[in-house]
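The values are calculated or read from the model by the stated rules, or taken from the named source; none is laboratory data. Remember, it's a predicted structure, so these values are computed and weren't measured experimentally. Here Cβ is always computed from backbone atoms with ideal geometry, including for glycine, and neighbour counts include all displayed protein chains. Just the protein is used for accessible areas: all its heavy atoms, side chains included, with ligands, DNA and RNA removed. Shrake-Rupley method; radii C 1.70, N 1.55, O 1.52, S 1.80 Å.
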Amino acid sequence: MPRVTYIDNDGKQTTLDIAVGTSVMQAAVFNGVDGIVAECGGSCMCATCHVYVQEDQLSRTPPMQDDEDAMLEGSASPRLPNSRLSCQLVMTAEMDGLVVRMPETQT
């Protein structure tokens, strides 16, 4: 199974094995990873699952769609060039080793 490492705002790292087809957000919520609120449950309607993808790994993630782009404009923490919504990052084998950092706040 592909692995994802989550790094919270304090630097704590949590690495999870995530089944292909499961979103980075779903895995975090199911496993109690702090820092991802996911108020809308993964519907790309709230931006409370905002993460910063390690910049050299962005090309391994799926392309950003217009709805995700629009939601990121309203995120509670600053939007950066490597900002993504973790609900839109559905795991593939090619994403193995992905590293995401949680922003300071989601709300």
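Limited to the range 1-22, what total is found for residues that are closer than 21 Å to Gly97 by Cβ and in a loop (DSSP other than H, G, I, E, B)?
Residues meeting the conditions: 10.
Can we say Val37 is farther than 12 Å from Val100 by Cα, in a loop (DSSP other than H, G, I, E, B), among the β-branched types (Val, Ile, Thr) and over 12 Å from the mean Cα position of the chain (by Cα)?
Values: farther than 12 Å from Val100 by Cα: yes; in a loop (DSSP other than H, G, I, E, B): yes; among the β-branched types (Val, Ile, Thr): yes; over 12 Å from the mean Cα position of the chain (by Cα): no.
No; evaluated as a whole, the condition is false for this residue.
Filter the range 23-34 down to residues that are in a loop (DSSP other than H, G, I, E, B) and open to solvent by 40 Å² or more (accessible area, probe 1.4 Å) and give me whichever is nearest to Ala93 (Cα to Cα).
Top of the filtered list is Asn31.
Please state which of the following conditions Cys46 fails to meet, knowing it meets all the rest: (1) open to solvent by 10 Å² or more (accessible area, probe 1.4 Å); (2) part of a helix (DSSP H, G or I); (3) touching a helix residue (DSSP H, G or I) at 6+ places or on another chain (Cβ under 8 Å).
(2)
Given (1) of a type in the set (A, V, I, L, M, F, W, C); (2) assigned to a loop (DSSP other than H, G, I, E, B); (3) crowded, with 16+ Cβ neighbours inside 10 Å, where does Met71 come up short, assuming only one miss?
(2)
Looking at (1) touching a residue at least 60 places away in the same chain (Cβ under 8 Å); (2) over 18 Å from Thr107 (Cβ atoms), which is the one condition that is false for Gly35?
Looking at each condition in turn, Gly35 falls short on (2).
Please enumerate the residues belonging to the range 81-107 that are assigned to a loop (DSSP other than H, G, I, E, B) and either surrounded by 15 or more Cβ atoms within 10 Å (Cβ to Cβ) or of a type in the set (S, T, N, Q) (or both). Don't jump to the end; show me each part of the working.
Taking the range 81-107 first, the residues assigned to a loop (DSSP other than H, G, I, E, B) are 81-82, 89, 91-92, 96-97, 102-107.
Answer for the range 81-107, where residues must be assigned to a loop (DSSP other than H, G, I, E, B) and either surrounded by 15 or more Cβ atoms within 10 Å (Cβ to Cβ) or of a type in the set (S, T, N, Q) (or both): Asn82, Leu89, Met91, Thr92, Asp96, Met102, Pro103, Thr105, Gln106, Thr107.
Given the structure, is Val20 open to solvent by 40 Å² or more (accessible area, probe 1.4 Å), under 15 Å from Met91 (Cβ atoms) and either of a type in the set (Lys, Arg) or touching a residue at least 60 places away in the same chain (Cβ under 8 Å) (or both)? Walk me through it before giving the result.
On the way: open to solvent by 40 Å² or more (accessible area, probe 1.4 Å): yes; under 15 Å from Met91 (Cβ atoms): yes; either of a type in the set (Lys, Arg) or touching a residue at least 60 places away in the same chain (Cβ under 8 Å) (or both): yes.
Yes: the conditions hold for Val20.
Can you confirm whether Asp56 is touching a Pro at 6+ places or on another chain (Cβ under 6 Å), open to solvent by 60 Å² or more (accessible area, probe 1.4 Å) and either modelled with pLDDT of 95 or more or closer than 23 Å to Val20 by Cβ (or both)?
Numbers: touching a Pro at 6+ places or on another chain (Cβ under 6 Å): no; open to solvent by 60 Å² or more (accessible area, probe 1.4 Å): yes; either modelled with pLDDT of 95 or more or closer than 23 Å to Val20 by Cβ (or both): yes.
Criteria not met by Asp56.
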